[in-house]
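To start, the structure under review is shown below, and the notes come after it.
Any read-out appearing in this document is the output of simple, stated calculations on the displayed coordinates, not a laboratory observation. Keep in mind it's a predicted model, so treat the numbers as computed, not measured. Virtual Cβ from ideal backbone geometry, glycine too; neighbours counted across all protein chains shown.
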Amino acid sequence: MQLPPVPPAEQRIVVEHQVKRLDWSLPVEAVLGAVSMEKGFGFTLWQFVRAPRRAFEAYLGAERLRFSNPLKLVVLLTALATFVNYQSGAMDQMVAGMSADMDAATNGQSEAVFGLLQRNYNLILMASLPFMALTTRLLYWKRAYNLIEHLALNGFIFAVTTVAYLVAALLVPVWGGVMTVYAIGSVIYQTWAYRRVMGPNWLIAVGAVIIGAVAYMLATGFLVGVLITLQQRGAL
């Protein structure tokens, strides 16, 4: 597999629109557009599942208008993930499992922390994205992509794994082990996507996932500390 090519610095795209008689697609498109799920949402996710390299190079090239904006996807899906956390009880099960061997004081602190995580899950997820982009930019320094292009790539990967999380979280009441399957699957997909998009070298792909995960945990710990401080001061 060859290394990724340098993206074009500038492109001229001529867009042809086909206008048809109004039908029920009008209100549907209005609703989907309001939540950044306009045409291209399903197409974008599917392309990055089946062929991430081809999809990313198409997004950087003349086919960009066929894809959803990766940062819009991140904002939308993190909000959905936060909502699903409340509804599915996925994080409640985590708290119950971790608090089984804790004393009352420690258990209370644990529930307070996880309560903050649940309420601010979208902020924590979005805070991890810049760290992931910086990690891949540094590890793949000799590749053609700049930092913003790494941010876009990680945004697309993040979108795919978050959709998988949404499905897994909804299945928690039916099968408690689904989150373990999700965690393993998301790591495999992320590693494979880095390998496919960035070119040969499984070691760097694995390293990017590991270092990115550490950076994510550090970001999470920092953000939780800030939230706890704000809560103690009555700001939350």
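Give me the extension gain from ARG54 to ALA144: residue separation times 0.36 nm, minus the current Cα-Cα distance, reported in nm with one decimal.
Stretched fully, the ARG54-ALA144 segment lengthens by 30.9 nm.
Obtain the nm distance between the two label points defined at ASN201 and ARG66 by a simple spin-label model: each point lies 7 Å from its Cα along the Cα-to-C-beta direction.
3.0 nm
Take the Cα of ILE184, step 7 Å along the line toward its Cβ, and report every residue of segment 36-79 whose backbone nitrogen sits under 19 Å from that point.
Hits in segment 36-79 for ILE184 at 19 Å: none.
Report the FRET efficiency, 1/(1 + (r/R0)^6), for TRP192 and ARG12, where r is their Cβ-Cβ distance and R0 is 35 Å, rounded to 0.05.
Result of the calculation: an efficiency of 0.55.
From the gyration tensor of the Cα coordinates in segment 163-236, what semi-axes in whole Å does the equivalent ellipsoid have, largest first, with each one equal to sqrt(5λ)?
30, 21, 8
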